[in-house]
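The values are calculated or read from the model by the stated rules, or taken from the named source; none is laboratory data. Since the model is a prediction, treat every value here as computed from it, not as a measurement. For neighbour counting, all protein chains shown are included, and Cβ atoms are generated from backbone atoms with ideal geometry for every residue, glycine included.
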Amino acid sequence: MSILHVIFLALTRFIKARFPPDQLQHSLIWGYRQTMIPKLCLFFLTVIQISAAMEFQSLLPSSFSQNQFHPPSDTGKEVKDAVNGVRRHEIRLEKQEELLEKQEGRLSWLNDSLKAYGKLNEVQDQLLSTMQASQLDEKSRLSTIEEKLHQLEDKLVIAENASSPLTMSTSSVSVETDDTVVTEQDGESGTDGTVKKRQSVNFTSIQDAGLSFALIMESMEYSEVKERCAQMVDGGRLIALDSESKFQAMKTYLTDNVDGNPNFYVGLKKARGQKVHHWSIGKKSDDNLWCKGPGKKHAYRCAILSTKRRKGYCLSASRCKVKRYAICENPL
């Protein structure tokens, strides 16, 4: 039974109870006249509308919301908010465009800076190459000046020795002098065909130190004086002061008997690629005997006996091409 039937039955019962059958016709006529019918019609229409709405709502699914049938009432506000959102978006786009323009300006500035930096690097490289070339020139000039100074020093020593001849006095240790004459050849043929006679060489012996040596008071390069020592006597060589006693005896002898403090080549040299100097007999040199002191590096390959203030004779590194005096040894 539908809702309309229920309402109709209830309304029929209400009319029968309110109006008896004998008065029904009269009441209807009177009610019609008194606008009963319009009221009843309005009531019926209201009931029908309510029942139709209830039936339609019962037909809808349970998950359907009533708000879906009620569009937002404040449409003007939503439109205004949408317009404001679009405006804000436009403002953001304008700001982004300004930022992009600034970034482009910065990128162009960076590109200009990089170009300038590249040019600066090129200029620096050119300056460095120029400085390195000038440094090499200065080094070569300094080496040339140093060699000339050594030559002048040797000439000065020769002049001093010529004015005050070498004295061969004995020191506190026992010294003996032997005359050793080179008898292998009577002379050497020079490049011009002449014959150069060899002179006898005096070797000085210090028995307590086990030394037998001769001073070469003629300026020569290291290779030249090495060859001269080999020609003096069998096994002749540049002196090897490989012990403390030998070094101190030689130092005392030179201090007491040689004027002018000249420099002498000795049999101490550094092989190519090595860092340490070795004596001609293969023994390593003592660091305490060097003028620079222990633990120092020595750039040049050859070595000499030189004098320093408050230290006397000590070992120093020297270029092998510089002409100096030398001390030859007759191994005992």
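Of all the residues in segment 303-332, those that are closer than 20 Å to S243 by Cα, outside any loop (DSSP other than H, G, I, E, B) and modelled with pLDDT of 90 or more number 13.
Got a sec? Which of K297, K246 is in a loop (DSSP other than H, G, I, E, B) and either of a type outside the set (D, E) or in contact with a Lys or Arg (Cβ under 7 Å, 6 or more places away or on another chain) (or both)? I'd like the intermediate steps shown before the answer.
Numbers: K246 fails: in a loop (DSSP other than H, G, I, E, B).
Selected residue: K297, the only one of K297, K246 that is in a loop (DSSP other than H, G, I, E, B) and either of a type outside the set (D, E) or in contact with a Lys or Arg (Cβ under 7 Å, 6 or more places away or on another chain) (or both).
For beta carbons closer than 8 Å, sequence separation of 6+ or different chains, a first residue in segment 214-239 that is farther than 18 Å from L305 by Cβ and a second that is of a type in the set (S, T, Y), the qualifying pairs are M232/T180; V233/T180. Residues in segment 252-281 that are on the phi > 0 side of the Ramachandran plot and under 36 Å from the mean Cα position of the chain (by Cα): G273 alone.
Considering segment 253-294, and only residues there that are outside any loop (DSSP other than H, G, I, E, B) and out of contact with any Phe, Trp or Tyr (no Cβ under 9 Å at 6 or more places or on another chain), the residue that is surrounded by the most Cβ atoms within 10 Å (Cβ to Cβ) turns out to be W279. Restricting attention to segment 54-113, the residues that are part of a loop (DSSP other than H, G, I, E, B) and either at pLDDT 70 or above or of a type outside the set (S, T, N, Q) (or both) add up to 7.
Which ones in segment 205-251 are small (G, A, S) and under 53 Å from the mean Cα position of the chain (by Cα)? Walk me through how you get there before you give the answer.
Taking segment 205-251 as the starting set, the residues that turn out to be small (G, A, S) are 205, 209-210, 212, 214, 219, 223, 230, 235-236, 240, 243, 245, 249.
Once the filter is applied, which keeps residues that are small (G, A, S) and under 53 Å from the mean Cα position of the chain (by Cα), segment 205-251 yields S219, S223, A230, G236, A240, S243, S245, A249.
Taking every residue in segment 250-279 that is closer than 20 Å to E227 by Cβ and pairing it with any residue that is in a helix (DSSP H, G or I) and β-branched (V, I, T), at least 6 positions away or on another chain, the pairs with Cβ-Cβ distances below 7 Å are Y265/V225.
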